[in-house]
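Below: the structure, in structure tokens.
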Amino acid sequence: MSDLIIRKAEEKDVSAIEKIEKQCFSIPWSYESLYKDVVENGLAFYVIAEIEGQVCGYVGVWKILDEGHITNVAVAPEFRRKHIGRAMLETLIEVTAQAGIERYTLEVRESNQPAISLYEGLGFSVEGVRPGYYEDNGENALIMWRG
Ligand SMILES: CC(C)(COP(=O)(O)OP(=O)(O)OC[C@H]1O[C@@H](n2cnc3c(N)ncnc32)[C@H](O)[C@@H]1OP(=O)(O)O)[C@@H](O)C(=O)NCCC(=O)NCCS
């Protein structure tokens, strides 16, 4: 996709991020939580994907010593299956690895096969389970690690 731009998220992107968050998750983060993470949290790093000025996805990570805890991964429904999720995560990992992150982890619903396949393709594997982790339906979380 020739006009895909992947860049660091900025304050001006938070409204677009919130819109995608609501489209993608049954328990979305609030605008305030996203704003704090994107703009104010010095240990957080967010990347967005943009096509012709439209934000179409985002990923975020918290830097905890040499570990990267991936917080959010989302692509707006109309932009899926174009390798945007993969490209954003590759960029996030490349940039934060240069800043000293050696291992990455995340949680994913055990029914979320699209996301699990995306993560496995990037070298993540399942290393644990949090039973009943998700409040809305009591679904288990798989804990995945890379590195
Ligand atoms: C999961 C998500 C981020 C994937 O984003 P995406 O940009 O569509 O994914 P990509 O196009 O980069 O896919 C990369 C690979 O992941 C796998 N994948 C992605 N979507 C898939 C699907 N619906 N079914 C099966 N495999 C899928 C494939 O292996 C794909 O490679 P391929 O297209 O060459 O087969 C997107 O579906 C999404 O936003 N879902 C809702 C939010 C969410 O669940 N986030 C994760 C929370 S842990």
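The values are calculated or read from the model by the stated rules, or taken from the named source; none is laboratory data. In this text the structure is predicted, and so the values were computed from the model without any measurement. Here the Cβ positions follow ideal geometry from the backbone for every residue, glycine too, while neighbour counts run over all protein chains shown. Surface accessibility is based on the protein's heavy atoms, side chains included, excluding ligands, DNA and RNA. Shrake-Rupley method; radii C 1.70, N 1.55, O 1.52, S 1.80 Å.
If you average the C-alpha positions of the stretch 1-40 and of the stretch 93-126 separately, how far apart do those two centres end up, in angstrom? The stretch 1-40 and the stretch 93-126 have Cα centres separated by 19 Å. Relative contact order for the chain: 18 percent, from Cα pairs under 8 Å spaced at least 6 residues apart, divided by residue count. Membrane-span-like helices of the chain, defined as complete DSSP H segments with a Cα extent of 20 Å or more along the helix axis and a mean Kyte hydropathy of at least -1.0, are identified as 84-98. Solvent-accessible area assigned to carbon and sulfur over the stretch 1-82 amounts to 51 percent, based on a 1.4 Å probe. Here the label points at Gln98 and Lys12, each 7 Å from Cα along the C-beta direction, are separated by 2.3 nm in the simple model. Give the residues of the stretch 58-93 whose amide nitrogen is closer than 11 Å to a point set 7 Å from the Cα of Gln23 in the direction of its Cβ. Hits in the stretch 58-93 for Gln23 at 11 Å: 58, 75-80. Helix-only arithmetic for the chain: the sum of -39500 (n - 2.57) across DSSP H runs with n ≥ 4, divided by the residue total, places the mean residue ellipticity at 222 nm at -8000 deg cm²/dmol. Taking all protein chains into account, the per residue accessible area for the stretch 44-83 stands at 47 Å² (1.4 Å probe). Length gained on full extension, Arg80 to Asn41: 11.2 nm, using 0.36 nm per residue less the C-alpha separation.
Near Glu127, once Lys and Arg are set to +1 and Asp and Glu to -1 for all other residues with Cβ below 12 Å from its Cβ, the sum equals +2. The Glu139 and Glu67 beta-carbon pair, evaluated with R₀ = 35 Å, returns a calculated FRET efficiency of approximately 0.90. Of the whole protein surface, Trp29 contributes about 80 Å² of accessible area at a 1.4 Å probe radius.
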